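Trainee: My structure is below; once you've seen it, I'll send some questions.
FYI, it's all coordinate maths here, none of it is from the lab. As the structure is a computational prediction, the values presented were derived from the model and not from experiment. As a convention, Cβ positions derive from the backbone with ideal geometry for all residues, glycine included, and neighbour counts pool all protein chains shown.
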């Protein structure tokens, strides 16, 4: 692993190694001891699109390991407005730092950047394509909260057509044994046919347009965006039908996940239930990103 | 003290304890030695409204104690624009850090945040309501420059109707013995009647619409904002009458304070006089905020 | 050296001392060891105009020496919009930190700031006037890549009329022995007559409106901005004629420099040639700025 661009570049062993390292990182966090594992190292966060949560999560991860952060959070005030290419920006910034976290609106941007960077690149989102650290923290959450990833049953609820996290996590789960995936969405936002085809044979698949019984280990909820519907009435009708409420999950042995931010697709009444794990999930982003930063920087130093 | 939301939550003993700790912090600053008191700790600055001065002051305080800072300075590029609630943002960010400094345009926001945060919240302004660290640094300035707070005579000059700092400091001074307050303002911007009523019996109060003799220990100046006047002519007339000039204060045994930024309510000629303490006052914000960060983080660790 | 405002304030000895210190800083960077030379010190970056590259370069330099950074990158969210003067901002911020890097759109702003600051000011650009750390990193690049500055032949290509870096570097080179300067530009963007007059007698000068043979050690390219031409056709014609391409430089014993960002005044095909040093040049900004931060902070502590 020189860079972390796409989940497609890493196999099950890589995933398990990252999750393993992340558990050690979680121990560091819980011990409240000062870590200097990445002391003197600099992370550059290069965000061509805003994403406070992802940026703050990476910054926290770096600082919890004793490292430092430079960067910019939007392009408005940068050389980019003067017409500089992504490649030139990467060449310059990679001379300043030890690792780069890049978010860019164009698919393939992170891959391109990795070809010109003198330091490791972590893809924090390239358009609707990949956001691998989200997928890794989702897997970590499942493993920490359920105790296994093999033989897991996951229901995805909401926008399954445009939801990058849902696609990426489905592919990743297909690397494990005995996985069952339930795709629950309005017909306008169904899981794309080609992804279903890719997954078939590797996992058991169920599709539905109703939330129903939720006989699963994990309910993974995503936001349904108004903008996806040509007809606002259609959106209003659909929205309510995919909102997770207390009655859907209480007394069930499952966890509820959500990549956040949540708008109103999970009722606030759910927050207090023991099944609600979406804030814990967001916390797990820290040890997972600590692990990734540590692994990439250490491997880079070795070469 | 789990959080610092409002001056109303703390008593005179709390105040004296903070001022006392702040003096030790000032010694650390003066010694120029590297402090690691908060090494490994992370402050998150969450500013839903811009406030460079307050943000930089807290960042400096944290870093002078060896701590680190993450955060955002405006909401434009955040999950907030995607519709995330303050509560969710606080739940997520409090998982990343050891203390939060929050500025928000809505009254009560900091109190609400403190109910959902897993770490201490410091209110750095919630609308026109509270900004307790400003009040504490004002008290610290008086104590350091005059040598006491009991038996102090303070003249407040300018906008006393909308000035949050003036209201908060008046209440805080009323906790001390023998305090005299002179409220000097245009009639349109007088101290609100209900605050006068609250203070009566605890402090001696004088009201005037003229600067006059200034037979006081402290002249606390605030900005008069054009926007407060329906009639611009009225503003122009009033403005000049409440501007502090050299002739008002030279040869007097008093200090001039101002929460800054100053626009033109103190003549630049005053800056060089020994009575001018507003830049010193802004410096005192550092040791006071160091003290508050240290106290809150240490008490939180203990529980 | 209390501040670094203008190249005109420093002499050849100062330059050589900075370049010398910068080589030691480069050794620190290459050793990959953690430096704590500026541990506990705080740099404030005060940018009234955006400049990501310069800001990130200074932040990196400070952090590579173990120091910390506070600051703001644009004025939009600052006290400035409330009408605060530069002088007041400097007085406040210089109370928070150990050194200030200032960028401001007005000529003379950094000089003014230095008169009111309680800590060293580094000018990172005041309008079209000075940007001394750029000039110092240009000199460092020449010295590191060619091995000398005396007896150097430099061709400046592009906009020589408005190019601040070109003017400043020309004056600096004139402090050295046996320097030859070739000014190559469209007639609309010629080196100003008064600068030519200043330089005459100190360096050999050649002027041309054609790239020609490039019998020099250094080709220093700058961007030609559309906005400089009243007639867009004129710009289109001119632009192509001053673009550096592979055929201009291959098999020549010279280096190509550029202050970056590059738009299209150097062909991408040049990037892979050994003569292309503009990315290296941008890297050299780090050790040079480390040296300047170290020298100014140490001298300030001594006084």
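Trainee: To the nearest whole number, what is the average tally of beta carbon atoms from other chains within 10 Å of the beta carbons of peptide A:30-41?
Mentor: 2
Trainee: Consider all pairwise Cα distances in segment A:133-281 and report the whole-number % of them above 20 Å.
Mentor: 43 percent
Trainee: I'd like to compare B:167-178, A:235-246, C:278-289: which one has the highest average count of other Cβ atoms within 10 Å, and what's the full order after that?
Mentor: Details: B:167-178: 19.8, A:235-246: 15.7, C:278-289: 23.7.
Highest to lowest by the protection proxy: C:278-289, B:167-178, A:235-246.
Trainee: How many Cβ atoms of partner chains, on average, are near each residue of C:92-103 if near means within 10 Å of its Cβ?
Mentor: Values: counts 13, 6, 2, 10, 12, 4, 1, 0, 0, 0, 0, 0.
If you average over the peptide's residues, the count of other-chain Cβ atoms is 4.
Trainee: Ordered shortest first, which distances in nm separate the 7 Å Cα→C-beta label point of residue A:187 from those of the other copies?
Mentor: Label-point distances to the other copies, shortest first: 7.3, 7.3 nm.
Trainee: Turning to a different aspect of this structure: Nearest 10 degrees, 0 to 90: what angle lies between the long axis of helix C:52-64 and the longest principal axis of chain C (Cα atoms)?
Mentor: Taking the Cα atoms of chain C, the angle to C:52-64 is about 50 degrees.
Trainee: If you don't mind, there's one more thing I want to ask. Place the label 7 angstrom along Cα→C-beta at residue C:128 and in each other copy, then list the distances from the first to the rest in nm, shortest first.
Mentor: The projected label point of residue C:128 is separated from its counterparts by 4.7, 4.7 nm.
Trainee: Of C:27, A:138, how do they rank once you tally other Cβ atoms within 10 Å and put the fewest first?
Mentor: Sorted ascending by nearby Cβ count, the order is C:27, A:138.
Trainee: Among C:25, A:1, C:257, which comes first, second and so on when ranked by fewest other beta-carbon atoms within 10 Å?
Mentor: A:1, C:25, C:257
Trainee: Quick check on the protein assembly as shown: helices-only [θ] at 222 nm, where DSSP H runs of length 4 and up contribute -39,500 (n - 2.57) each and the sum goes over total residues. Nearest 500, please. Mind dumping the intermediate values first?
Mentor: Details: 30 runs with 360 residues, N = 909.
Value at 222 nm, helices only: -12500 deg cm²/dmol.
Trainee: Let me ask another. Rank the residues C:96, A:206 as a footprinting-exposure proxy: fewest other Cβ atoms within 10 Å of their Cβ go first.
Mentor: Listed from fewest to most nearby Cβ atoms, that is A:206, C:96.
Trainee: For a Förster distance of 45 Å, can you work out the FRET efficiency between the beta-carbons of residue C:87 and residue A:118, rounded to the nearest 0.05?
Mentor: Working: r = 42 Å, r/R0 = 0.93.
Computed FRET efficiency for residue C:87 and residue A:118: 0.60.
Trainee: Further, regarding this structure: Taking each label point as 7 Å beyond Cα in the direction of the beta carbon, state the distances from residue A:247 to the same residue in the other copies, shortest first, in nm.
Mentor: 7.8, 7.8
Trainee: R0 = 56 Å: FRET efficiency of residue A:253 with residue B:299, Cβ-based, nearest 0.05? Mind showing how you got there, number by number?
Mentor: Details: r = 38 Å, r/R0 = 0.68.
Computed FRET efficiency for residue A:253 and residue B:299: 0.90.
Trainee: While we're on this one: Taking square-rooted eigenvalues a ≥ b ≥ c of the alpha carbon gyration tensor, is the protein assembly as shown rounded, prolate or oblate, where a/c under 1.5 means rounded and, failing that, a/b exceeding b/c means prolate?
Mentor: Oblate is the answer for the protein assembly as shown, as a/c is 1.5 or above yet b/c matches or exceeds a/b.
Trainee: Each label point is 7 Å from the Cα along the Cα-to-Cβ direction; what then is the distance between the points at residue C:208 and residue B:148, in nm?
Mentor: It is 8.3 nm.
Trainee: Also, I was wondering about something else. For the pair residue A:225 and residue B:236, how long in nm is the line joining their label points, each one 7 Å along Cα→Cβ?
Mentor: Rounded to a tenth, the inter-label distance reads 5.1 nm.
Trainee: How shielded is A:51-61 by partner chains, expressed as the average number of their Cβ atoms within 10 Å of its Cβ atoms?
Mentor: On the way: counts 3, 15, 8, 1, 4, 12, 5, 1, 7, 8, 1.
Partner Cβ neighbours, averaged per residue: 6.
Trainee: Also, quick follow-up: Once both axes come from the Cα atoms, what is the angle between helix B:12-31 and the longest principal axis of chain B, in degrees from 0 to 90, rounded to 10?
Mentor: 80 degrees
Trainee: While we're looking at this one, here's another question. What angle do you read, to the nearest 10 degrees and between 0 and 90, between the alpha-carbon axis of helix A:278-302 and the longest principal axis of chain A?
Mentor: Helix A:278-302 sits roughly 30 degrees off the main axis of chain A.
Trainee: So, in Å, what gap is there between the alpha-carbon centers of segment B:188-263 and segment A:20-51?
Mentor: 50 Å
Trainee: Given points 7 Å out from each Cα along the Cα-Cβ axis, report the residue A:16 to residue C:8 separation in nanometres with one decimal.
Mentor: 7.0 nm
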